[in-house]
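**Q** Quick one: the structure is below, and I'll ask about it shortly.
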Amino acid sequence: MKTKAKNLEDPAIASMEVLGVKLEEIPRWNCCGAVYSLSEDDLIHQVAPVRNLIRAKEQGRDKLATLCAFCFNTLKRANLLMRENAEKRNTINSFMDEEIDYGGEVKVVHLLEVLRDEIGWEALAQKVKLPLWELKVAPYYGCTLLRPREIAIDNVENPTILREFLGALGATPVDFPESTRCCGSYQIISNPDNISEYASDILNSALSHGAEALVLTCPLCDYNLGQGQKELMKKHNEFKEMPLFYFTQLLALALGLDSQACRFELNYGNPELLLREKGLLS
Amino acid sequence: MSVTISPKRLRSEFVKKVKELSGQNLQLCYQCGICSGNCPAASNMDLSPRQIIELARLGLEEEIAKSKTVWICASCLACTVNCPRGFDLSKMMEAIRLLTLRKNIDYMRPEDISPQERCELPQIAMVSGLRKFTG
């Protein structure tokens, strides 16, 4: 976020300020470990996400909002474990000797949930200065905001949160069947060929349903779909490049923030070209 | 594929450990194949997710070791949320990966990632990938 996904974070901070929400970064945060530990006996990897939750509790906060979809998944699952599994909670708490005890008191939310549940789509729509009319955007959820079921921010089978978000910004949401399909995730480091295959399925599906761009929430989805497109363009001349936007960039744009806040220059491809075509960027 | 099953294998250390690490009751699965149907990576797997469950509960460790399926899985949980029996296959896949990694057998070497890729990849790709593929 601080180095490779500034175009996710910078527009988020600027937009939330416009919406009257001041985001406060937790002190001494650490990497959450990126993936939730799926093994019953592997408690050591729960320590990293739990430490972040403790930092939030120490600040007297009852809510922790995340921007990164990976962090959201790992923190929310670890939080649930600490809340519901007394035996593991005790082991983890006693292992972290110098930390205060933690029992899942902090609520973990994703920024999209803050927009939906605390600001509300109607209030958001009223703050829009530059409605994204005519921009046909396909919502791409990926995995970590929706699976497993117990931490999902929306209906697992038929999520609508990004569609509603786009609607509030005045854009035209384009539904497509691959919106919750995995981009291949960390397989990029071991089986990159598979990633371009998945990217091809996802992007071609969005394209065939009439999308001009894809909106996403996760830095790894962004990277994989961007890299996948590069490979596809090398192999297939006819492949049409599709701009990828973080949801926070479209939010900042619609709220009337300048390109310094939106950080489109850091995106894959050339999203500014599409925005100029639509009269959304001068 | 022909395999030999035996009561000894059904009670093998491998089956016991897969159950322990995954926390899953392997007998829940009734082999409907919804996991394979929902898996976005199934076309790149030599054995389907459904077949891996069957082999695991029969204790056919060597057959699973020959397959690359557990290493193609990206833990996307499409199987988990769609299983009509409430079986969390992502946890079983993780258990099988860990049983290999804990024997100090890595699936990949970090040094095989080129310096350029290391600079470009988002940190979450490196952290999650190295956690899944190295011990």
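**Q** Could you work out the relative contact order of chain A, using alpha carbon pairs under 8 angstrom and six or more residues apart, expressed as a whole percent?
**A** 21 percent
**Q** Enter the Cα centre distance for the pair the range B:84-106 and the range A:3-47, rounded to the nearest angstrom.
**A** If you average the Cα positions of each part, the centres end up 27 Å apart.
**Q** For chain B, which cysteines have no second Cys with its Cβ under 4.7 Å from theirs?
**A** Result for chain B is B:Cys29, B:Cys32, B:Cys39, B:Cys73, B:Cys83, B:Cys119, no neighbouring Cys Cβ within the cutoff.
**Q** Another question, then. Let a ≥ b ≥ c be the square roots of the eigenvalues of the Cα gyration tensor of the range B:7-113; is it rounded (a/c under 1.5), or, if not, prolate (a/b larger than b/c) or oblate?
**A** oblate
**Q** Separation of the range A:63-95 and the range A:171-221 by C-alpha centroid, Å?
**A** Rounded to whole Å, the Cα centres lie 28 Å apart.
**Q** Using Cα positions and a limit of under 25 Å, work out the lysines in reach of A:Lys235, with same-chain residues fewer than 8 apart set aside.
**A** In chain and number order, there are no partners.
**Q** Let me ask something additional. Just to be sure I follow the rule: in the range A:55-186, considering lysines 8 or more places apart or on different chains, how many pairs have Cα atoms under 23 Å apart?
**A** 10
**Q** Given R₀ = 41 Å, FRET efficiency for A:Glu122-A:Lys6 by Cβ-Cβ distance, to 0.05?
**A** After rounding, the FRET efficiency stands at 0.85.
**Q** Okay, next question. With θ set to phi - 60°, apply the Karplus curve 6.51 cos²θ - 1.76 cosθ + 1.60 along the range B:72-81 and write out the HN-Hα couplings as whole Hz, x wherever there is a Gly or Pro.
**A** Computed from phi, the couplings for the range B:72-81 are 8, 4, 10, 6, 7, 6, 4, 5, 4, 6 Hz.
**Q** What is the average number of partner chain Cβ atoms found within 10 Å of a Cβ in B:76-84?
**A** Partner-chain Cβ atoms within 10 Å, mean over residues of B:76-84: 5.
**Q** Sticking with the crude label model, points 7 Å out along Cα→Cβ, report the distance from A:Asp258 to A:Glu150 in nm, one decimal please.
**A** That separation, rounded to one decimal, is 4.9 nm.
**Q** Radius of gyration and Dmax for the range A:128-262's Cα atoms, expressed in Å?
**A** 14.8, 44
**Q** Within the range A:102-119, what residues put their amide N at less than 18 Å from the label point 7 Å along the Cα-to-Cβ vector of A:Val21?
**A** Zone members listed by number: A:106-119.
**Q** Counting only the backbone N, which residues of the range A:141-160 are under 20 Å from the spot 7 Å out from the Cα of A:Lys88 toward its beta-carbon?
**A** A:144-153
**Q** May I pose another question? Which residues' amide hydrogens lie under 5 Å from the amide hydrogen of A:Leu64, considering only partners 5 or more residues apart or on another chain, with H built in the peptide plane?
**A** Correct list: A:Lys107, A:Val108, A:Val109.
**Q** Quick one: which residues, 5 or more positions from A:Val128 or on another chain, have an amide H under 5 Å from its amide H? H modelled 1.01 Å from N in the peptide plane, none for Pro or chain starts.
**A** Those lying under 5 Å, H to H, from A:Val128: there are none.
**Q** Just A:Arg181, A:Arg163, A:Arg149 to compare: in a GNM of chain A, with alpha carbon springs under 10 Å, which one fluctuates most?
**A** Comparing A:Arg181, A:Arg163, A:Arg149 in a Gaussian network model of chain A, the most mobile one is A:Arg149.
**Q** Now for a different question. Rounded if a/c is under 1.5, else prolate if a/b is larger than b/c, else oblate: which is the range A:143-214, with a ≥ b ≥ c the root eigenvalues of its Cα gyration tensor?
**A** Note, shape of the range A:143-214 comes out oblate.
**Q** If you stretched the chain out fully between A:Thr172 and A:Ile100, how much longer would it get, using 0.36 nm times the residue separation minus the C-alpha to C-alpha distance?
**A** Here the segment from A:Thr172 to A:Ile100 would lengthen by 21.2 nm.
**Q** On to the next question. Round to the nearest 0.05 the FRET efficiency obtained for A:Ser205 and B:Arg9 when R0 = 60 Å and r is the Cβ-Cβ distance.
**A** 0.90
**Q** So, R0 is 30 Å and r is the distance between the beta-carbons of B:Gln27 and B:Thr134; what FRET efficiency does that work out to, to 0.05?
**A** So the FRET efficiency works out to roughly 0.40.
**Q** Can I ask one more? Treating cross-link reach as a plain straight distance, find the lysines whose alpha-carbon is under 17 Å from the alpha-carbon of A:Lys230, omitting any fewer than eight places away in the same chain.
**A** Reachable lysines: A:Lys240.
**Q** Spin-label point model (7 Å from Cα, Cβ direction): what's the B:Arg109 to A:Gln59 distance in nm?
**A** For B:Arg109 paired with A:Gln59, the spin-label model returns 4.3 nm.
**Q** Give the cross-link partners of B:Lys68 among the lysines, using a straight C-alpha distance below 22 Å as the criterion and excluding same-chain residues fewer than 8 apart.
**A** Cross-link targets: B:Lys16, B:Lys17, B:Lys19, B:Lys91, B:Lys103, B:Lys132.
**Q** Further question: Amide H of A:Ala138: which non-local residues (sequence gap of 5 or more, or other chain) have their own amide H closer than 5 Å, using H built in the peptide plane?
**A** Answer set, sorted by chain and number: A:Val174, A:Glu212, A:Ala213, A:Leu214, A:Val215.
The numbers here are math on the coordinates, done by the rules we state, and not lab data. Predicted, not measured: the structure shown is a model, and the values here were computed from it. Heads up, the Cβs are rebuilt from the backbone with ideal geometry, glycines too, and the neighbour counts pull from every protein chain shown.
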